[in-house]
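The values are calculated or read from the model by the stated rules, or taken from the named source; none is laboratory data. From a predicted model like this one, the values you see are computed outputs, not experimental measurements. Quick reminder, even Gly has a Cβ in these numbers, built from the backbone with ideal geometry, and neighbours come from all protein chains shown. Just the protein is used for accessible areas: all its heavy atoms, side chains included, with ligands, DNA and RNA removed. Shrake-Rupley method; radii C 1.70, N 1.55, O 1.52, S 1.80 Å.
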Amino acid sequence: MGWTIGVDVGGTFTDFYAANSTSGAIHVGKTSSTPANPADAILNGLDALCKKHNIPMQEIERISHGTTVGTNALIQRTGSRVALVTTKGFRDLLEIGRQTRPHMYDLQIDHPAPLVDREHRIELNERIGALGEIVNEPTLAEIDAAVDAVIASKAKACAVGFLFGFRNPVHEQQFAAALHARAPQISVSLSSEVQPEFREYERFSTTVLNAYLQPVLSQYIHTLEQGVEAAAPGASLGINQSSGGLMSPKRSRKFPIRTALSGPAAGAVGAGHAASQTNRRNIITLDMGGTSADVALIRDFKVDLAFNRDVAGFPIRMPCVDVETVGAGGGSIAWFDRDGLIKVGPISAGAVPGPACYGAGGDQPTVTDANLVLGRLSTRGLLDGDMGLDEALSRAAYQPLADQLNFSVEKTAHGVLGIVVANMVRTIRIISVERGHDPRDFVLMPFGGAGPLQARDVAVALGMKEMVIPAAPGIVCAQGLLVSDLKEDFVSSTRFKLGASNSSLLASLLQELNAKAQSWFESENAPTDGRRVELVADARYVGQNFELAVAVAAGSRLIESDLPSMEFLHAKFCEVHELAYGYASTEAPIEIVNVRLSASARLHVFENRSAASITPPAPIARAQQPVFFDDEHSVTTNLYDRSTLLSGQRIYGPAIIEQLDTTTPIYPNDIAEVTPDGHLIVTINTELSA
């Protein structure tokens, strides 16, 4: 009997989701995070989970882990000292950048200072041409002098980025070999390996960030590997990537920048799995935690990807789950701005002292306090009653706002929730309406500790008629880690016009990338069953600055005969362009600038549970309490314990469904139905509610 376990490390809690491949048994758990060394929370929580549910450590086959170590190191600037070696004349590229402001209409805010001090940016007299030809070969003396400068900088890591190094990496490799020969203790990141694409600023920035994280992540992964090996010697360890797939610890040490957005990526993958279990092909996710909310869009059960992101103000170029974030969480504080209007967030009470109702010294009115005032949270508290809530403290926090507005406390709290909902709606429009998608064609899937509490108002504002509440909303990220595939992305940055004369060039690029993918499959001992490759072309009209991803072909293994015609790709690009921008030209010439191949290997198959053959009994409420679903009147509402609900049962609103990790309000006239896999399908009836 083999167990696989997903572990997601957050700022406050570390979540666990364990599944048995033979019996189908599932167990979840939470433990407090240990920011000083996240591995301690993982190992302690793993031990507690196994003891509580009698899981033999030797039966654990795989542990999949999402880490925030890299993200935190970038935000807090606690990475390692880095040196940069670059082409002569490009020393200041990191500061010049794209000459754009972080915020168009804010003249005061500036980009963060580069992670490499100017005196540690070292130039080498080398040059590769645009076609990969060697224009200027550096001498051995020049290479040795650059190595001397790196060693003298006392850097623990070195980023190497040469102009057009992605077309011909020989000079980057030559310098790396010289540095390793004399200073093997210095970690080296080559731009030709980290991000082998054109656009030197983004490539250099990504490479520097990778080098900045290498010593920190290497030490952390090494410590975690040792702990896992001692606790569960038969378990393999997978590290989640920002693209929503797993990589080996060895790859994560070499490319730590790929973990920068692994938390939101795991949540989106978990949501995609729940979407497939409920047969909802098109989903908009709402992952609302204590400080912020992440939203993503899923089409045909697949998570959309983006290739340009900012992390802690620094640009990175790599495949990432397309997630937008807004400062709206359970701990978001309501406050009066200088214009006299109420704002909610991005200021947060955090975990300490937390919302006023926690009784830990917080006295600011938060979103959680508003939900408690309105009766949507029970005074029984959170975590199955282990964490009590004090409604009197919430009311005391909201009273000053209510007095200033001349409103009741309940109306004030309801207004605050309306503001936070509006903030999330605006963010969802970015990933949907602004990219050519109508939210009314999607189902909303809220998760995270606070997501289900606010989701119904978000759905109504967007015209959505249905929601899916996952079985364990607060553990979706950990579940996403459990169902993630092993994944690697390959790219060839080659520019050519789309036309019949270049079909052989596309075929040769496929052959080159496919060979790399097959080599990677073998090096990772990827299971033969479930191997899959997807070929994508980054295309644009000739003269445009930015490109769109166009799916070319997919299968277990691709060969030249699998490639579609150039006419098909032309029509496909026009379709994608019209979806994104509202128009397309069938006459304008098109060019391809990158060809990408994504390789994945399925590690685990989860069977969906079948519906019960008998009609379940009506659900039994554990209690009742008054709840405000608007700002004027309370309604006597049934409270249900979600752990007692059975497949096929229906809960008619008004109702409150409580569980370990969240609370879900069912509004009057809405209906929630329990699926065989434990999810809730909520049908929204706004006409009846009105």
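Applying the condition of being touching a residue at least 60 places away in the same chain (Cβ under 8 Å) and open to solvent by 10 Å² or more (accessible area, probe 1.4 Å) to region 671-688 and asking which residue is farthest from the chain's Cα centre (by Cα) yields 686. Look at residue 143 and say whether it is loosely packed, with under 14 Cβ neighbours inside 10 Å and not hydroxyl-bearing (Ser, Thr, Tyr). The answer is no for residue 143.
Each row is one residue, and each column tells you yes or no for (1) part of a loop (DSSP other than H, G, I, E, B); (2) without any contact (Cβ under 8 Å) to a residue 60 or more places away in the chain; (3) surrounded by fewer than 11 Cβ atoms within 10 Å (Cβ to Cβ).
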residue	(1), (2), (3)
592	no, no, no
603	yes, no, no
619	yes, yes, no
624	no, yes, no
635	no, yes, no
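For region 499-516, the condition holds for no residue, the condition being that it is within 19 Å of the chain's Cα centre (by Cα) and acidic (Asp, Glu). The single residue among 178, 159, 183, 152 that is modelled with pLDDT of 95 or more and open to solvent by 60 Å² or more (accessible area, probe 1.4 Å) turns out to be 152.
I need the helices (runs of 4 or more DSSP H) fully contained in region 1-102, keeping only those with at least 3 residues that are within 26 Å of the chain's Cα centre (by Cα) and not aromatic (Phe, Trp, Tyr).
38-52, 69-76
Only one of these is in a loop (DSSP other than H, G, I, E, B), within 23 Å of residue 461 (Cβ to Cβ) and open to solvent by less than 70 Å² (accessible area, probe 1.4 Å): 350, 329, 415. Name it.
Working: 350 fails: within 23 Å of residue 461 (Cβ to Cβ); 415 fails: in a loop (DSSP other than H, G, I, E, B).
When all the criteria are applied, what remains is 329.
Are there helices (runs of 4 or more DSSP H) fully within region 138-248 with at least 3 residues that are within 22 Å of residue 488 (Cβ to Cβ) and either in contact (Cβ under 8 Å) with a residue 12 or more places away in the chain or in contact with a strand residue (DSSP E or B) (Cβ under 6 Å, 6 or more places away or on another chain) (or both)? List them. Before the answer, list the steps.
Working: elements: 140-152, 170-182, 191-194, 200-231.
Helices (runs of 4 or more DSSP H) meeting the threshold: 170-182, 191-194, 200-231.
Of all residues in region 642-670, those satisfying the criterion of being open to solvent by 40 Å² or more (accessible area, probe 1.4 Å) and closer than 16 Å to residue 619 by Cβ are 643, 644, 646, 650, 652.
Restricting region 496-543 to residues that are basic (Lys, Arg) and out of contact with any Lys or Arg (no Cβ under 9 Å at 6 or more places or on another chain), which is nearest to residue 130 (Cα to Cα)?
Let us first name the residues in region 496-543 that are basic (Lys, Arg), namely 497, 516, 531-532, 540.
After this cut, where a residue has to be out of contact with any Lys or Arg (no Cβ under 9 Å at 6 or more places or on another chain) as well, the list is 497, 516, 540.
On the way: 497: 17, 516: 23, 540: 20 Å.
Of everything passing the filter in region 496-543, 497 is nearest to residue 130 (Cα to Cα).
Within the bounds of region 302-317, is there any residue that is charged (D, E, K, R), open to solvent by less than 40 Å² (accessible area, probe 1.4 Å) and not in a strand (DSSP E or B)? For region 302-317, residues charged (D, E, K, R), open to solvent by less than 40 Å² (accessible area, probe 1.4 Å) and not in a strand (DSSP E or B): present.
Looking only at residues of region 581-590 that are open to solvent by 10 Å² or more (accessible area, probe 1.4 Å) and either outside any helix (DSSP H, G or I) or touching a Leu at 6+ places or on another chain (Cβ under 6 Å) (or both), we find that the one that is modelled with the lowest pLDDT is 582.
For every residue, the table says whether it meets (1) open to solvent by less than 20 Å² (accessible area, probe 1.4 Å); (2) over 24 Å from residue 203 (Cβ atoms); (3) in a loop (DSSP other than H, G, I, E, B).
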residue: 454; (1), (2), (3): yes, yes, no
residue: 468; (1), (2), (3): yes, yes, no
residue: 482; (1), (2), (3): yes, yes, no
residue: 494; (1), (2), (3): no, no, yes
residue: 501; (1), (2), (3): no, yes, no
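Taken together, the residues in region 247-297 that are under 13 Å from the mean Cα position of the chain (by Cα), aliphatic (A, V, I, L, M) and under 17 Å from residue 484 (Cβ atoms) amount to 8. When restricted to residues that are at pLDDT 90 or above and in contact with a Ser or Thr (Cβ under 6 Å, 6 or more places away or on another chain), region 612-624 contains 1.
Among the numbered conditions (1) touching a Ser or Thr at 6+ places or on another chain (Cβ under 8 Å); (2) open to solvent by less than 10 Å² (accessible area, probe 1.4 Å), tell me where residue 524 comes up short. Result: residue 524 fails condition (2) only.
Considering 372, 401, which residue is touching an Asp or Glu at 6+ places or on another chain (Cβ under 8 Å), part of a helix (DSSP H, G or I) and surrounded by 14 or more Cβ atoms within 10 Å (Cβ to Cβ)? Step through it out loud before you land on a result.
Values: 401 fails: touching an Asp or Glu at 6+ places or on another chain (Cβ under 8 Å).
Exactly one of 372, 401 is touching an Asp or Glu at 6+ places or on another chain (Cβ under 8 Å), part of a helix (DSSP H, G or I) and surrounded by 14 or more Cβ atoms within 10 Å (Cβ to Cβ), namely 372.
When region 531-562 is limited to residues that are open to solvent by less than 30 Å² (accessible area, probe 1.4 Å) and either over 27 Å from the mean Cα position of the chain (by Cα) or of a type in the set (D, E, K, R) (or both), the one that is nearest to residue 514 (Cα to Cα) turns out to be 558. Being modelled with pLDDT of 95 or more, within 23 Å of the chain's Cα centre (by Cα) and charged (D, E, K, R) is a property that residue 193 has.
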